[in-house]
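These notes are about the structure you will find just below.
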Amino acid sequence: MNSAPLAAVTGAEGFIGSHLTEALVASGHRVRAMAQYNSFSSYGWLETLSKDVLEHVEIELGDVRDPGSVRALVEGADCVYHLAALIAIPYSYRAPHSYVDTNVTGTLNVLEAVRTLGTPRLVHTSTSETYGTALTVPITEDHPINTQSPYAASKAGGDRLADSYHASFGTPVVTLRPFNTYGPRQSMRAVIPSVIGQVAAGARTITLGDLRPTRDFTYVEDTAQAFLAVGTAEAAQVVGRTFNAGTGGETAVGDLVAMIGKLMDATIAVREDAQRVRPANSEVMRLVADATRLRGATGWKPAHELEQGLARTVDFFCDPANLARYKTDIYNI
Ligand SMILES: NC(=O)c1ccc[n+]([C@@H]2O[C@H](COP(=O)([O-])OP(=O)(O)OC[C@H]3O[C@@H](n4cnc5c(N)ncnc54)[C@H](O)[C@@H]3O)[C@@H](O)[C@H]2O)c1
């Protein structure tokens, strides 16, 4: 019998989830990974992980909207990492009901499974988008919540349920609130892959939305380590608490384009695409993390500078085999 701790991960086939799966295996865990059921039997990014990693991963197709499949995933786990979500802001304008079903009801199903099965730890995933445009910087966990998109509102709904389960039932839940995460395997919906992907595909005039918003861009391996940190820390340090995970750096989208141009040795012109510009009151203009609480409780700190993480992301997208997985010529919502 394998005595390695068992981590159950929802959203494991996605961008952050696949990196977290690798980090969990590297730290000695077995992983039971949920990939969303689909008719292609696709395991998403999990299919690209090395054999050495996959030896320790059991993949189950399921759906967080279905209580039965969530319970089967959670049964026997030492820790559950709940990352599954619909995450695109533009698509949340178009299909808000699906965001409530996935991000609110899906989270409720995870909380119920953890509560009734007595799972020792749940790491619930929030997002910096729940803060809305920063009223004070850097943003601590005490910053007001101001949900400016249906996506942010649905994530905040999941957060509130997680807090309520801890208060009402003592459910051992920790909430991690990552700031904008980037790196290999991210979808073209996010700004960094969109810029790098368009340039890697040969474009020199690229289309983007608003160039003014600033974000705290955090490399995906650092975000994965933040998950691991709150999933494995002493309960007294983390349970019942919310933690920001971000670098404390602030970069405007326009400056990011210039940095990527330099790294890719390309002169990039930007054309603003009206369909990519969000309604004025919905655009979050400024997000910068104060991650002091996370560092104090777990010792976590980011290991990658932005230039370094961007260079690794450029390498990933410049590999034709990786680029072929993306549609760089359309607006991916
Ligand atoms: N990428 C970021 O910058 C960022 C920042 C803050 C928070 N987050 C949060 O991190 C988590 C992971 O995001 P990501 O960037 O890896 O996105 P992603 O879209 O790559 O991953 C989300 C995964 O959830 C899965 N999923 C969606 N609906 C599902 C359902 N009904 N049942 C089961 N699985 C389902 C998707 O298939 C996908 O693989 C999300 O909770 C997101 O809100 C992301």
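Readers should treat all values here as calculations from the given coordinates under stated rules, not as data from a laboratory. Remember, predicted model here, so these are calculated numbers, not experimental data. Glycine also receives a Cβ, built like all others from the backbone with ideal geometry; neighbour counts cover every protein chain displayed.
The table below lists the values:
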quantity	calculated
Yes/no for residue 181 being within 11 Å of the ligand (Cβ to nearest atom), buried (at least 22 other Cβ atoms within 10 Å of the Cβ) and free of Cβ contacts under 8 Å to residues at least 60 places away in the same chain	no
Every residue from segment 298-333 that is outside any helix (DSSP H, G or I), aliphatic (A, V, I, L, M) and either within 30 Å of residue 230 (Cβ to Cβ) or touching a Pro at 6+ places or on another chain (Cβ under 9 Å) (or both)	303, 333
Selection from segment 88-104 of residues that are closer than 18 Å to residue 161 by Cβ, touching a residue at least 40 places away in the same chain (Cβ under 8 Å) and near the ligand (Cβ under 9 Å from one of its atoms)	102, 103
Criterion: among the acidic types (Asp, Glu) and under 23 Å from residue 302 (Cα atoms) - qualifying residue of 273, 255, 210	255
Output for segment 39-57, where each listed residue is under 21 Å from the mean Cα position of the chain (by Cα) and not in a helix (DSSP H, G or I)	42, 43, 49, 57
Flag for residue 195 being closer than 17 Å to residue 291 by Cα, of a type in the set (A, V, I, L, M) and either in a loop (DSSP other than H, G, I, E, B) or within 16 Å of the ligand (Cβ to nearest atom) (or both)	no
Output for segment 199-225, where each listed residue is within 24 Å of the chain's Cα centre (by Cα) and of a type in the set (Lys, Arg)	212, 215
Selection from segment 212-236 of residues that are outside any loop (DSSP other than H, G, I, E, B) and touching a Ser or Thr at 6+ places or on another chain (Cβ under 7 Å)	214, 215, 218, 220, 223, 228, 229, 230
Set 3, 69, 18, 41: member being surrounded by fewer than 23 Cβ atoms within 10 Å (Cβ to Cβ), within 11 Å of the ligand (Cβ to nearest atom) and either under 22 Å from residue 166 (Cβ atoms) or of a type in the set (S, T, N, Q) (or both)	69
Residue 18 vs. criteria part of a helix (DSSP H, G or I) and farther than 14 Å from residue 76 by Cα	yes
Filtered residues of segment 157-178 (kept if among the basic types (Lys, Arg) and within 14 Å of the ligand (Cβ to nearest atom))	177
Candidate set: segment 257-276, residues that are basic (Lys, Arg) and either more than 22 Å from the chain's Cα centre (by Cα) or within 27 Å of residue 225 (Cβ to Cβ) (or both); chosen: the one surrounded by the fewest Cβ atoms within 10 Å (Cβ to Cβ)	271
Residues within segment 58-89 that are in a helix (DSSP H, G or I) and acidic (Asp, Glu), tallied	0
Test for residue 254: is it surrounded by fewer than 19 Cβ atoms within 10 Å (Cβ to Cβ) and either of a type in the set (S, T, N, Q) or not in a strand (DSSP E or B) (or both)	yes
Subset of segment 108-129 that is near the ligand (Cβ under 9 Å from one of its atoms) and of a type in the set (Ser, Thr, Tyr) - its residue that is surrounded by the fewest Cβ atoms within 10 Å (Cβ to Cβ)	127
